[in-house]
1. Can you confirm whether Met292 is open to solvent by less than 40 Å² (accessible area, probe 1.4 Å) and either hydrophobic (A, V, I, L, M, F, W, C) or free of Cβ contacts under 8 Å to residues at least 40 places away in the same chain (or both)?
2. Determine whether the stretch 139-160 contains at least one residue that is of a type in the set (D, E, K, R), part of a loop (DSSP other than H, G, I, E, B), open to solvent by 50 Å² or more (accessible area, probe 1.4 Å) and within 20 Å of Glu214 (Cα to Cα).
3. Of all residues in the stretch 367-407, which are over 22 Å from Pro320 (Cβ atoms) and not small (Gly, Ala, Ser)?
4. Within the stretch 266-276, identify whether any single residue is more than 23 Å from Ala382 (Cα to Cα) and in a helix (DSSP H, G or I), and answer yes or no.
5. I want to confirm something. Restricting to the stretch 182-202 and keeping residues that are aliphatic (A, V, I, L, M) and out of contact with any Phe, Trp or Tyr (no Cβ under 6 Å at 6 or more places or on another chain), which single residue is surrounded by the most Cβ atoms within 10 Å (Cβ to Cβ)?
6. Can you report the number of residues in the stretch 287-326 which are aliphatic (A, V, I, L, M) and assigned to a loop (DSSP other than H, G, I, E, B)?
7. Does Thr312 qualify as being of a type in the set (Ser, Thr, Tyr), under 32 Å from the mean Cα position of the chain (by Cα) and open to solvent by 40 Å² or more (accessible area, probe 1.4 Å)?
8. Please enumerate the residues belonging to the stretch 315-356 that are hydrophobic (A, V, I, L, M, F, W, C) and crowded, with 16+ Cβ neighbours inside 10 Å.
Amino acid sequence: MTNPNEKLIGPRRTTILCCALLLSSTVACEDDEPAQSAEAVEAAEVVVPVDIDDTGTCEACHGRIVQEWRTSMHAHAHHSEDPVYSAMRDFRIAREGDATPGRCAQCHGPRDPADVESEIARGGVTCATCHNLTGVDLADGTLRGARALQRADDNTLRGPHAIDTTEPVPHGTGAAAPWLTDGSTVCLACHGAMQNREGVATCTTGTEAAGADEPCTSCHMPEVDGASGLVSQRTSHRSHAFLGPHGLYGNDGPEFMASAVQVSPSFEGRRLSVTLENRTGHALPSGFPGRMVLVQVLGFDADGEAVWHNFTDAPMAQDPDAVLNKVYVDEEGAPTLPPYAARLARDNRLEPRETRELEWRVPAAVVRAEITLLYRLIPPPAAERLGIADRPEAQARPILMVTAERE
């Protein structure tokens, strides 16, 4: 029966069967028994069981998506792949004990959090993590990661579109999964809200995005041209590169991050103002609570020489308003890592959809200003404490740069 919402049937029958045969361990070789009759081949067209935790098997039919996923932080979520997470994990193990890995693995290795070094756990956040589910139970934010993901007890894989076909496919199919269709629910299982043991809010993306007019996928999984793989006839699909700030440290460039904020500078006499508009449905920056955005300003004279800057090597001391960040402190008021904070002492981030104006009085010699937004995954003091200060991921990366000239 033809389903107008399903693109995996009709002329794609041969492709699906080909994928199923490629994934089967019983495909005949040239030296095997003579070819079977047409009736026998037809009878053999059944669902072929596959290892849904092996993304390599997914690639035969969903190649475009798997290639995108391999560039994402989901594919590099395991501690052996992410130096920032690895350093924080090691620090917490040393301080809190051996129970830490299992807690972290709920999100960083959700298909096998009980064995953080297994091959499945090392795969990170794989296809099956989101697609082999019967539901997502966030329990008002009390369940996180694998505990919130209700796994199917078979190899059924579901997506945002209904799959209803009698064609042979290498895994079970079914109705559209609402936790994927809504573009946010499955994301919030790991990217929701979190508190430390003192009840201090640390990761807060979920609460920040509550009531947002667009789902997570609208930005982080944009619609891109082309089919998702051999089995699809759709003319576009949602990117599985899962765009985010880590792209600044890879090959993606700053384009995605630049789309998150509008920067508008202007001169009025010796007054330089810069308007920042957060275009996202969450705070900027968001995610790991140590992230920060710096608004760096350089002033140039008529000869093109830099004659003024708003900060050099100590932005929090020299121009704290130009630092969009959180600061956590211990019981004595000293800055500390978020898991061990007694309270949040500062939150200067842009709120969702906020527009904020910064201004400086610049020297009369300044005729042109360059305003650069710099992003840090982790603040320098924390990077030093975790022993990763020399890692590329601990360096500031530019999001965008705009200029203003005095009239």
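1. yes
2. Within the stretch 139-160, not a single residue is of a type in the set (D, E, K, R), part of a loop (DSSP other than H, G, I, E, B), open to solvent by 50 Å² or more (accessible area, probe 1.4 Å) and within 20 Å of Glu214 (Cα to Cα).
3. The answer is Val367, Arg368, Leu386, Ile388, Asp390, Arg391, Pro392, Glu393, Thr403, Glu405, Arg406, Glu407.
4. Restricting attention to the stretch 266-276, the residues satisfying the condition of being more than 23 Å from Ala382 (Cα to Cα) are 266-276.
Adding the requirement that they be in a helix (DSSP H, G or I) leaves none.
Checked the stretch 266-276: no residue is more than 23 Å from Ala382 (Cα to Cα) and in a helix (DSSP H, G or I).
5. The extreme case among them is Ala189.
6. So in the stretch 287-326, the residues aliphatic (A, V, I, L, M) come out as 292-295, 297-298, 302, 306-307, 314, 316-317, 322-324.
From what is left, the residues that are assigned to a loop (DSSP other than H, G, I, E, B) are 302, 314.
Adding up the residues that qualify gives 2.
7. Yes.
8. Met316, Ala322, Val323, Leu324, Val327, Val329, Leu337, Ala341, Ala342, Leu344, Leu350
The values are calculated or read from the model by the stated rules, or taken from the named source; none is laboratory data. Not measured: the values here are computed from a predicted model. Positions of Cβ are generated from backbone atoms using ideal geometry, with glycine treated the same way; all protein chains shown enter the neighbour counts. Note: accessible area is taken over every heavy atom of the protein model, side chains too, but ligands, DNA and RNA are not part of it. Shrake-Rupley method; radii C 1.70, N 1.55, O 1.52, S 1.80 Å.
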